[in-house]
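The values are calculated or read from the model by the stated rules, or taken from the named source; none is laboratory data. A quick note: this is a predicted structure, and the numbers were derived from the prediction, not measured. Methodologically, a virtual Cβ is constructed for each residue, glycine included, from the backbone with ideal geometry; neighbour enumeration extends over all protein chains shown. In case anyone asks, the SASA skips ligands and DNA or RNA and just uses the protein heavy atoms, side chains included. Shrake-Rupley method; radii C 1.70, N 1.55, O 1.52, S 1.80 Å.
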Amino acid sequence: MNGGPSGFHNAPVTRTFVIASAILTILLGIQGRSKKLGLSYQDIFHTFRLWRFIGSLFAFSSTPELMFGLYLLYYFRVFERQIGSNKHSVFMFFSVILSSLFEILALTYLRDPSNVLVSGPYGLIFASFVPFYFDIPVSSRFRICGVQFSDKSFVYLAGLQLLFSSWTRSFIPGICGVLAGSLYRLNLLYIRKIKFPDVVASSFSRLPWPLPATSSHISSGSNSENVPLNASHQMEGNYQSAARASAPELASETSVATLVSMGFDRNSARQALIHAGDDINLATNILLEAQSH
């Protein structure tokens, strides 16, 4: 199992978040402030500092946590490719805000000045484990020393390492993230129907971040390197007929494999790609719309 094509192809929001988190972690580490990060009851209700609050939400406090955290964020870019950058932006915003509120409630309940929660985007990372559990199928199983594993096991192991990296200090933010992800999946306040203005989501693709190289056959599947982020909005209602008019006779195996890695059936993925002119974004929209009916 993999997260689809390498790099951040069709995942500009995740790319921005990953790079920003890494840069903020490094900058605060250089300034010697990384050890001062982390939310506590004292910091929230008595000596509140905005820079510390923001830093605690996005910057990791140690190198091992940074490595595991960025690995998981990078892998979970598959969800942005599945639902589109706009809806994924809503998911990220909802997860960060709601998990932060849960953390504040936990600190209020504990009222322990010495209890400082670990810093980093734990809320977003562990909220992403909810769709990972429900929406990403197991594609292979194997045994090691008689113990059965699946291709999803290594992602879970990385999550467990991060969850217990600082014991209760990291366990509480992780559980708050799972709660936030669960409420998003339950469509609390119809959150899954909310969208940001297209200009907000599309702005991430225009940021001048360095983009890791992706395989050449992926970029050759479309006329431009980045497919417009608001494609699903623009094509809603009429994309199927427009796609059929330009559909090739065959879908590339690379595109089929990409959709299969996202959890779609191979035959359905192939048919969707044929109708979408081998465009992965439009094919994903077709498959998601078919599942919603």
*Being among the polar types (S, T, N, Q) and in a helix (DSSP H, G or I) narrows it down to one of S61, S114, S99, so name that one.*
S99
*Condition broken by F93, with the remaining ones in (1) at pLDDT below 95; (2) open to solvent by 60 Å² or more (accessible area, probe 1.4 Å); (3) closer than 28 Å to I191 by Cα; (4) among the aromatic types (F, W, Y) satisfied*: (1)
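Here's the yes/no breakdown for (1) within 30 Å of I104 (Cα to Cα); (2) without any contact (Cβ under 8 Å) to a residue 40 or more places away in the chain; (3) touching a helix residue (DSSP H, G or I) at 6+ places or on another chain (Cβ under 9 Å):
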position	(1), (2), (3)
F134	yes, no, yes
S139	no, no, yes
R143	no, yes, no
V147	no, yes, no
A158	yes, no, yes
S165	yes, no, yes
R169	yes, no, no
*Taking the condition open to solvent by less than 20 Å² (accessible area, probe 1.4 Å) and of a type in the set (K, R), does R52 pass?*
no
_Checking S166 against (1) part of a helix (DSSP H, G or I); (2) open to solvent by less than 80 Å² (accessible area, probe 1.4 Å), the condition it does not meet_ = (1)
*Name the residues in segment 98-152 that are touching a Ser or Thr at 6+ places or on another chain (Cβ under 7 Å) and open to solvent by 70 Å² or more (accessible area, probe 1.4 Å), would you?*
P113, R141
*Among the residues of segment 9-44, which ones are among the aromatic types (F, W, Y) and in contact with a Ser or Thr (Cβ under 8 Å, 6 or more places away or on another chain)?*
Y41
*Please list, ordered by first then second residue, the pairs with beta carbon atoms under 6 Å, 6 or more apart or interchain, first in segment 188-208 and at pLDDT 85 or above, second aromatic (F, W, Y).*
I191/F94; I191/Y184
